[in-house]
1. Would you call Ala493 hydrophobic (A, V, I, L, M, F, W, C), over 28 Å from Asn395 (Cα atoms) and assigned to a helix (DSSP H, G or I)?
2. Based on this model, can you work out whether Lys500 counts as part of a loop (DSSP other than H, G, I, E, B), at pLDDT 95 or above and under 25 Å from Leu457 (Cα atoms)?
3. List the pairs whose first member sits in the range 433-452 and is among the charged types (D, E, K, R), whose second member is crowded, with 19+ Cβ neighbours inside 10 Å, and whose Cβ atoms are under 6 Å apart, counting only residues at least 6 apart or on separate chains?
4. Return yes when Gly289 is touching a helix residue (DSSP H, G or I) at 6+ places or on another chain (Cβ under 8 Å) and either at pLDDT 90 or above or at positive phi (or both) and no when it is not.
5. Can you spot a residue in the range 229-249 that is in a helix (DSSP H, G or I), among the small types (Gly, Ala, Ser), modelled with pLDDT under 95 and touching a helix residue (DSSP H, G or I) at 6+ places or on another chain (Cβ under 7 Å)?
6. Being more than 21 Å from the chain's Cα centre (by Cα) and loosely packed, with under 14 Cβ neighbours inside 10 Å is the filter here; which residues of the range 225-264 pass it?
7. Yes or no: Glu206 over 16 Å from Arg151 (Cα atoms), charged (D, E, K, R), touching a residue at least 40 places away in the same chain (Cβ under 8 Å) and surrounded by 15 or more Cβ atoms within 10 Å (Cβ to Cβ)?
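The values are calculated or read from the model by the stated rules, or taken from the named source; none is laboratory data. Since this is a predicted model, take the numbers as computed values, not measurements. Cβ placement follows ideal geometry from the backbone for every residue including glycine, while neighbour counts extend to all protein chains displayed. Please note that ligands, DNA and RNA were not included when accessible areas were found on the heavy atoms of the full protein model with its side chains. Shrake-Rupley method; radii C 1.70, N 1.55, O 1.52, S 1.80 Å.
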Amino acid sequence: MKGTVSTGLMVLMAGALLLSGCASGSRAGRNASATGADAAPGGAADSAARLSDAEMEERVKAFAHFSAGVSSELNDNEDAAMEHYLAAAAADPGHEALVVELTRRLLASKQTEKAIPLLKAAASSPQASGGVFAWLGLAYAEAGQTEQAIRANRNAIKRSPDLPEGYRNLVALYLDSRQYAEALEVLDTALAGSSKEPRFWVNLSELYANYGSLRREEAETVKAKAVLALDRAAALKPRDIDSVRKLADGYKMIGELEKAEPFYLELIDRLPSLPGTREKLADIYLRLGKKDKAAEQIEAMSRADPVRVQPHYLLGVLARQENRLADAAGYFEMALTLKPELEPAYYELAGLKVMLDKTSEALEVLEKARNRFGRRFAIEYFAGVAHSRSRNYPNAARHFTEAEVIGKANEPERLTHSFYFEFGAALERNGDLAEAEKCFRKCLDLSPNFSEAMNYLGYMWADRGENLDEAKKLIEKAVELEPQSAAYLDSMAWVLFKLKEPRQAFHWIRKAIEYSDKPDPTIYDHLGDIHTELGEQDKAREAWRKSLDLEPNDKVKQKLGIVPKEVAPPE
């Protein structure tokens, strides 16, 4: 089967059918660029009248080689075709479109040693465009000739200040060598320009965003510049679809969601079938809390393709955010039916099952995920949460331990303060207090103002009568952060009770009762103990009875002198 000529060379062939199209004669009427083919002059006779005999001979050679190259490529002889094309470019180095197309091929096949002389010859012309210098800079960079690459790209910017390629290449060179100040200077030089091309500003925004991802300490400053570049592109009101799409994606990537929205709407209006547009817009609406608008986009996606998985997944996210947990679970189940390899859906579904108190179903979902994906942090973590909720603390601790091992080895960013809080709570309830303390301390190291961990650790110590001074400091800070938390106020009362300060404890326990959403059996149990310490036995018994009315508790029964009914011995 015969081969096909590449798109770039097909375009060049059309120009080459006129003898002048591959000539090195007058270039005043030629539109040389880094990306497009040359425009053919008005006709062969008109062009030939301006050429000397020697120039005409070179033109004929160039055309002959070009035609031979096309013939060779049509016959699948790519090596011979390349040799003819190179000979054509050598005969007419000013034919930039041909030079650029050959450069693409040579760099793709790692033949920089052939690309560089080809580009140098083209760049030697006084009329050479900045695009040729940008390609030369790229070729030098590929060959490891950094200084030459920098010079070529600076020439590209000088020749064509509105062409993004020179800036992009130069920034990449400086970032590769960690010359961050120099890279930023190049970007700021581009930002000071006055290009009327939306593409220029969109590309500049991408370069700023990439720079910011490498230089976190400069991220906010750089983000502002990236937004400014996109704003300039938007002000030029681009009409081509690619620029509109890049504007929308650029704004979304740097978090300017409201600015991205109208461009995605324009894309949907002009090209409804463009893949990914509704998904991105739905994501924006979800993040902006515009749930009705998100639902409109997701439902439109679902109508267009009922068996497509993403709408079901996004509808699940939306339902979860609206606290429609059963609906959300149904959407994720459908997503997994359509696409069983969709890993995040397993974790979404397992989390929802836990929230719906269906922990056994959650564990079944996670087991399916484990069988499909193997050891994963998320699988073990959610299994730990599920076992904790079902009060199977030994298994909870085992799964959290496994999750920590996986996290340390592969995903350390997952070992957050929230993880260690859940882990610590499971260990404490499993009776492993020393390890629980370590987890709570790790939690507070990662998030020093995490009040839940302060309260949990402080109360754990107070309940055992240990580290009471440190426990009091932790609970005091928790109360300072959340002064109306009934749980924290109760902890404050309890640590003061343990410190033999019943009067102060009574003040805090009364506040705990005041701020409770509903009567709490533990708070009334503590109130009874505080009344006892104050010598107020009748009030103590009244508080314990309230506690017992709310929740059966053998220890409270013993305080009231109610002996639990003994189990009859076996006959």
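1. yes
2. Spelling it out, Lys500 is indeed part of a loop (DSSP other than H, G, I, E, B), at pLDDT 95 or above and under 25 Å from Leu457 (Cα atoms).
3. Glu435/Leu427; Lys442/Tyr420
4. Considered against the rule, which asks whether it is touching a helix residue (DSSP H, G or I) at 6+ places or on another chain (Cβ under 8 Å) and either at pLDDT 90 or above or at positive phi (or both), Gly289 comes out as no.
5. Checked the range 229-249: at least one residue is in a helix (DSSP H, G or I), among the small types (Gly, Ala, Ser), modelled with pLDDT under 95 and touching a helix residue (DSSP H, G or I) at 6+ places or on another chain (Cβ under 7 Å).
6. Hits for the range 225-264 are Ala235, Lys237, Arg239, Asp240, Ile241, Asp242.
7. In short, yes.
One line per residue, one yes/no per condition, for (1) modelled with pLDDT under 95; (2) assigned to a helix (DSSP H, G or I); (3) open to solvent by 10 Å² or more (accessible area, probe 1.4 Å); (4) polar (S, T, N, Q):
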| position | (1), (2), (3), (4) |
| --- | --- |
| Lys438 | no, yes, yes, no |
| Arg441 | no, yes, yes, no |
| Pro448 | no, no, yes, no |
| Leu457 | no, yes, no, no |
| Ala462 | no, yes, no, no |
| Lys477 | no, yes, yes, no |
